[in-house]
Amino acid sequence: MKVIMAGCFIIFFILLENVELRLHPGFWLWVGGFVAIVSTEPLWKNRLYLVGILVSMAMLAQLLLFSVEMQMPWLMYFWLLFLINDFAKKKWLFGLIVGVTFIPLILYRDISFSLFYTAILALLLFSFWQKNKREQAALAYEEDWKTLLIEYRKLKRQLQVQEENARAEERTRIARDIHDNVGHQLTALAMQLEMVEITQESGEVDEVALRQAKELAKQSLTEMRQSVQALRNEELKGFSSVIQLIRRLESESHIQVNLITRKGALSAPLTNEQMITIYRIVQEGLTNAMRHAHSREVEVIFEGIANYAFTVSVKNKYYSEERSLKDGFGLTNLRERVEQLEGRFEVLKTNNEFKIEAYLPLKASQS
């Protein structure tokens, strides 16, 4: 549209230089064809062909319609620059067309009109420079966006690898604990039962051995439960588990969760204990929202602070004036978890919003 408007201005200046053309039917026929071809510009794959046609039409008009003394028709060649977005890369073509537009300043001696022509040419040059500058800025922005996207995907893959490595290490540790603790206790239990069996063959029952076997069985059961619980906690690690939790609660409870990950959140070096705590905070916040909130919309925000700390907050609309700010068991448990990790835990309530927020220092800031 801007290209067509610029062409209309040039046609106006041509008429201003030679008013008799407004009565020439051939001139208006040429203008109509010229504008019609320019309007097809988005359809051309190779715009150099389009420019070639238009240049030929401009030269034909100069031979048949315009007098030799006219200067303004020369501006048409420069106007054709606007039809090609990547003209800045074709410096030879740019220089050629600009050079052609300066021909009237050499051939004609009308100073007043030459000054006017130069002013129009300078305006077109400035417009083209601005256009090219905007296009370069847009290309730079697109390149930056692609770079950020590549970096984001790279960080995401690194995070997944870190989570998988941490999970593998934790499973190895749990397996080692089961082998070292439960395995040895079960071996001792089997030996105690063999001693009881031997004493039974002689007609006696070793009460001490039975009590020891019972204690060993209880210890083994406790160790096994702890290991199973550790395995369950291990499945809660990683941001993927938080997303799964949100999806499940959205589908089951029909709440809408707006998850916001700000700069540095996905690349924060969180420990396993911190990741489990973040999961529990989100879980408790969403559960409270489902029970007590009047609105079905909840906002969850993750943010990394310059590789120094990590914050997580869950907030929802809340209009009750009667409920006190006293922490329940779930919030008290979360506060203790966060404080064990040397962080801060806050529960904030206003007349229309309930918010829980945790601040967790990262290992990089502690070393």
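Based on what the data block shows, is residue 197 of a type in the set (Asp, Glu), assigned to a helix (DSSP H, G or I) and at pLDDT below 75? Criteria not met by residue 197. With respect to the stated conditions, residue 123 is assigned to a helix (DSSP H, G or I) and surrounded by 12 or more Cβ atoms within 10 Å (Cβ to Cβ).
Of all residues in segment 256-276, those that are within 20 Å of residue 315 (Cβ to Cβ) have Cβ atoms under 6 Å from Cβ atoms of residues that are modelled with pLDDT of 85 or more and of a type in the set (D, E, K, R), 6 or more apart or on another chain, in 256/297; 258/299; 262/303; 265/303.
A quick yes/no check of all residues on (1) outside the structural domain of residue 243 (by TED's automatic domain parsing); (2) touching a His at 6+ places or on another chain (Cβ under 6 Å); (3) surrounded by fewer than 22 Cβ atoms within 10 Å (Cβ to Cβ); (4) of a type outside the set (A, V, I, L, M):
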position	(1), (2), (3), (4)
259	no, no, yes, no
263	no, no, yes, yes
266	no, no, yes, no
269	no, no, yes, yes
281	no, no, no, no
285	no, no, no, yes
289	no, no, no, no
298	no, no, no, no
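So that you can scan it fast, the table gives a plain yes or no per residue for (1) of a type outside the set (A, V, I, L, M, F, W, C); (2) touching a residue at least 60 places away in the same chain (Cβ under 8 Å); (3) not assigned by TED's automatic domain parsing to the domain that holds residue 267:
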{"site": "132", "(1), (2), (3)": "yes, no, yes"}
{"site": "135", "(1), (2), (3)": "yes, no, yes"}
{"site": "146", "(1), (2), (3)": "yes, no, yes"}
{"site": "150", "(1), (2), (3)": "no, no, yes"}
{"site": "167", "(1), (2), (3)": "yes, yes, yes"}
{"site": "172", "(1), (2), (3)": "yes, no, yes"}
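The set of residues from segment 144-170 being of a type in the set (Asp, Glu), over 17 Å from residue 264 (Cα atoms) and at pLDDT below 80 comprises 164, 169, 170.
The values are calculated or read from the model by the stated rules, or taken from the named source; none is laboratory data. Quick caveat, the model's predicted, so the values are computed rather than measured. All Cβ positions, glycine included, derive from the backbone under ideal geometry; neighbour counts span all protein chains shown.
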